[in-house]
Amino acid sequence: MIDAAYRFCGAGHVLDPRSAERCAELADDVCELWLKDDAGIWEIEPRAYTESKIACWAALDHAIELADGGRL
């Protein structure tokens, strides 16, 4: 959702207040969740997978850019 909001705003649109608040909440959730091990549909055991860490990084990077631009 954060990536979609990032692309939406990048196209010149403005988030409504409810969507902006939800994206900020999701960014807060990612700050807590990225420290935990996980396992997707292809992994057998929970551990720190690179793909998950990169997805968290991308979400937080986009959330920071949205916040710096006054969109969150």
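Please work out the average accessible area per residue across the chain, using the 1.4 Å probe convention, and give it in Å².
Roughly 75 Å² per residue, with all protein chains present.
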Next on the checklist: Suppose every Lys and Arg Cβ carries +1 and every Asp and Glu Cβ carries -1, with no other charges. What dipole size does the chain come out with about its Cα centre, to the nearest 20 debye?
Outcome noted: 220 debye
Checklist outcome for this item: Rounded to a whole %, the carbon-and-sulfur portion of the accessible area of the chain at a 1.4 Å probe is 57 percent
Item to check | Calculated from backbone phi, Karplus (6.51, -1.76, 1.60) coupling profile of region 32-44 in Hz, x at Gly/Pro | outcome: 8, 6, 5, 6, 8, 6, 8, 8, x, 5, 9, 9, 8
Item to check | Interchain or long-range residues, amide H under 5 Å from Leu72's placed H | outcome: Ala67
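The values are calculated or read from the model by the stated rules, or taken from the named source; none is laboratory data. Worth saying up front: this structure is predicted, and the values here are computed from it rather than measured. No Cβ is skipped: glycine too gets one built from the backbone with ideal geometry, and neighbour counts run over all protein chains shown. Ligands, DNA and RNA are stripped out before the accessible areas are found, and what is left, the full protein with its side chains, is counted by its heavy atoms. Shrake-Rupley method; radii C 1.70, N 1.55, O 1.52, S 1.80 Å.
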